[in-house]
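Before any comments, here is the structure.
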Amino acid sequence: MGIKSFVVKPIAKRIARQIAVSAANAVEHQDAIRHTLIQKAKHTKFGKDHQFNAIKTYADFKNAIPIRDYEGLKPYVELIKDGGSDVLWNGKPKYFAKTSGTTSGVKFIPITKDSIPNHIGGARSALFCNVAFTKDASLFDGKVIFLSGSPEMDEVGGILTGRLSGIVNHLIPAWLKGNQLPSYETNVIEDWETKLDRIVEETIDQDMRLISGIPPWVQMYYERVIERSGKSTVAEVFPNFSTFVHGGVNFQPYENKLQALIGKNVHTVETYPASEGFIAFQDRPDVEGLLLNTNSGIFFEFIPANEIFNENPPRLSLAEIEVGVNYAIILNSNAGLWGYNIGDTVEFVSKNPYRLKVSGRIKHFISAFGEHVIGKEVEEAMTATAKAFNAEVIEFTVAPQINPSKGIPFHEWFVEFGKKPADINAFIKLLDEKMQAQNIYYLDLLQGQILKSLEIRVMQENAFRNYMKSQGKLGGQNKVPRLSNDRKIADLLQNWIIS
């Protein structure tokens, strides 16, 4: 046992006990956080605009603070970007996490000095709970790798701005920093292929113990390590590799492939981080669900997902939720987010303690690789492209092709034209360029060769009508979803493809 694992093991055990005690008092902590947030922010512009001084009860809170998505909060964010202070939270944010939103375009999410412990503490809690349960702290005696975005940042309104994974890279505690790979010089490389080669060079001869990242990017790293080493599995290259931390996308489609590449069983730790806050984490590997992070500066609310678009949907505190119900999750935080709808839906699997699973998105989307493509983006890209080619599009839908018969994955567009473009290849090229401009994560995935350019399946006349009829959904208010994150619709549409 190394020095770090020797020191960490009892600390992890103590922190895991504290987390268990905290989880047992989650409702009380949530009430206290709500009160604290209001008291601290009552002199901000948002607090004055919403009469925080008059808020005494949760009913007052709901009456004063409406539900918003990013567009609703954007006027306040713009004030901050223009140099404003004490707008959403006291002072100015420490960072802006720049992200391509699933309900908006590019978003600038504030991260404040007060909210940083939520992001760092959530990750720490996930790791320490795993150590406490498995009694294995050996990961701290070797090297760790966080496959993340570039830690280089710009400034917006005098505020450091970058992707969340890059920001967090700057916040890794000093005692762990010495274990971290890759080097800063490698991590700032923008081209993913070049960066990946450099990461492999820096890690292939190291004693790797922990690997963390979004599953498709980690899969590519594993494959490159095996290729470069000439070994059959990752375990042969890194015999002490013990822990894989993942989050961001559904792990299930990748699980078997990653397990085969690793070649042995390792501890897996699932997390639920977002730019808006570290929401939940796997506190025990032997139970279902992720523990809600109830004592970390966020007051959570929940709206039944089937009522989220009602004019006055019911807003529930943690004490009012039920197991097995699909809820839209709403955040109020010490980062200055108020009544903030992040677009995710969750379902509780336990109330003692409060554990949940991410059930999806409020709206249709594609995020098979973390790209968060939304309806607005595909609609605008298709409209602009069709106009440029004087083409007429009757109907279309998009699905991910994760396991193509050859080559790398791509987005598969099923399009029924009323008037076809004269040059379909040029049409596809422009459509892909429009999508790259719409969504920075999609562009990243293309540049990193995680995805290749989209492909179009030209559909027969009345293809979508026939499809809807076959599903008993022809007419009425039924619509073909613009986006699906699975292949259910795509597989059924195969019968009506022309080319």
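The values are calculated or read from the model by the stated rules, or taken from the named source; none is laboratory data. No experiment lies behind these values; they were computed from the predicted model shown. Positions of Cβ are generated from backbone atoms using ideal geometry, with glycine treated the same way; all protein chains shown enter the neighbour counts. SASA here: full protein model, heavy atoms, side chains in, ligands and nucleic acids out. Shrake-Rupley method; radii C 1.70, N 1.55, O 1.52, S 1.80 Å.
Just checking, how many residues over the range 332-363 are aliphatic (A, V, I, L, M) and surrounded by fewer than 20 Cβ atoms within 10 Å (Cβ to Cβ)?
2
If you go through the range 473-499 one residue at a time, how many are at pLDDT 90 or above, more than 14 Å from residue 456 (Cα to Cα) and open to solvent by 80 Å² or more (accessible area, probe 1.4 Å)?
3
In the range 110-131, which residues are assigned to a helix (DSSP H, G or I) and aliphatic (A, V, I, L, M)?
116, 120, 123, 126, 127, 131
Being out of contact with any His (no Cβ under 6 Å at 6 or more places or on another chain), surrounded by 20 or more Cβ atoms within 10 Å (Cβ to Cβ) and part of a helix (DSSP H, G or I) narrows it down to one residue among 368, 381, 328; which is it?
Matching residue, one of 368, 381, 328: 381.
Going through the range 69-80 one residue at a time, which ones are buried (at least 18 other Cβ atoms within 10 Å of the Cβ) and not in a loop (DSSP other than H, G, I, E, B)?
Listed by number, the residues that qualify are 70, 73, 76, 77, 80.
Please go through the range 292-325 and pick out each residue that is open to solvent by 10 Å² or more (accessible area, probe 1.4 Å), assigned to a loop (DSSP other than H, G, I, E, B) and more than 30 Å from residue 113 (Cβ to Cβ).
308, 309, 310, 311, 312, 313, 314, 322, 323, 324, 325
Looking at this structure, is residue 66 within 25 Å of the chain's Cα centre (by Cα), over 24 Å from residue 4 (Cα atoms) and open to solvent by less than 60 Å² (accessible area, probe 1.4 Å)?
yes
Picking from 287, 245, 269, 237, which residue would you name as being hydrophobic (A, V, I, L, M, F, W, C), touching a residue at least 12 places away in the same chain (Cβ under 8 Å), surrounded by fewer than 15 Cβ atoms within 10 Å (Cβ to Cβ) and touching a strand residue (DSSP E or B) at 6+ places or on another chain (Cβ under 9 Å)?
The conditions single out 287.
Can we say residue 120 is surrounded by 17 or more Cβ atoms within 10 Å (Cβ to Cβ), in contact with a Phe, Trp or Tyr (Cβ under 9 Å, 6 or more places away or on another chain) and within 25 Å of residue 38 (Cβ to Cβ)?
Spelling it out, it is not the case that residue 120 is surrounded by 17 or more Cβ atoms within 10 Å (Cβ to Cβ), in contact with a Phe, Trp or Tyr (Cβ under 9 Å, 6 or more places away or on another chain) and within 25 Å of residue 38 (Cβ to Cβ).
Name the residues in the range 348-365 that are at pLDDT 85 or above and among the basic types (Lys, Arg), would you?
351, 355, 357
Output the qualifying pairs, or none if there are none: Cβ atoms under 6 angstrom, residues six or more apart or on different chains, first residue in the range 21-34 and closer than 18 Å to residue 330 by Cβ, second residue open to solvent by 20 Å² or more (accessible area, probe 1.4 Å) and in a helix (DSSP H, G or I).
27/319
State whether one or more residues within the range 41-58 are in contact (Cβ under 8 Å) with a residue 24 or more places away in the chain, open to solvent by less than 70 Å² (accessible area, probe 1.4 Å), in a loop (DSSP other than H, G, I, E, B) and in contact with a Leu (Cβ under 8 Å, 6 or more places away or on another chain).
The answer is yes, given that some residue of the range 41-58 is in contact (Cβ under 8 Å) with a residue 24 or more places away in the chain, open to solvent by less than 70 Å² (accessible area, probe 1.4 Å), in a loop (DSSP other than H, G, I, E, B) and in contact with a Leu (Cβ under 8 Å, 6 or more places away or on another chain).
Mind checking which helices (runs of 4 or more DSSP H) fall wholly inside the range 392-477 and carry at least 1 residues that are without any contact (Cβ under 8 Å) to a residue 40 or more places away in the chain, within 23 Å of the chain's Cα centre (by Cα) and within 18 Å of residue 371 (Cβ to Cβ)?
Those helices (runs of 4 or more DSSP H) span 424-438, 440-447.
Going residue by residue through the range 1-16, is there one that turns out to be farther than 29 Å from residue 285 by Cα and touching a helix residue (DSSP H, G or I) at 6+ places or on another chain (Cβ under 8 Å)?
Checked the range 1-16: no residue is farther than 29 Å from residue 285 by Cα and touching a helix residue (DSSP H, G or I) at 6+ places or on another chain (Cβ under 8 Å).
Would you pick out the residues in the range 377-428 that are closer than 29 Å to residue 216 by Cβ, at pLDDT 95 or above and aromatic (Phe, Trp, Tyr)?
Scanning the range 377-428 gives 410, 413, 414, 427.
Report whether or not residue 329 is under 18 Å from residue 126 (Cβ atoms) and modelled with pLDDT of 95 or more.
When the stated conditions are applied, residue 329 does not pass them.
Out of 152, 185, 201, 193, report the one residue that is open to solvent by 20 Å² or more (accessible area, probe 1.4 Å), part of a loop (DSSP other than H, G, I, E, B) and either of a type in the set (Asp, Glu) or under 20 Å from residue 441 (Cα atoms) (or both).
The conditions single out 152.
Going by the conditions given, is residue 28 farther than 21 Å from residue 293 by Cα, out of contact with any Cys (no Cβ under 7 Å at 6 or more places or on another chain) and not aromatic (Phe, Trp, Tyr)?
In short, no.
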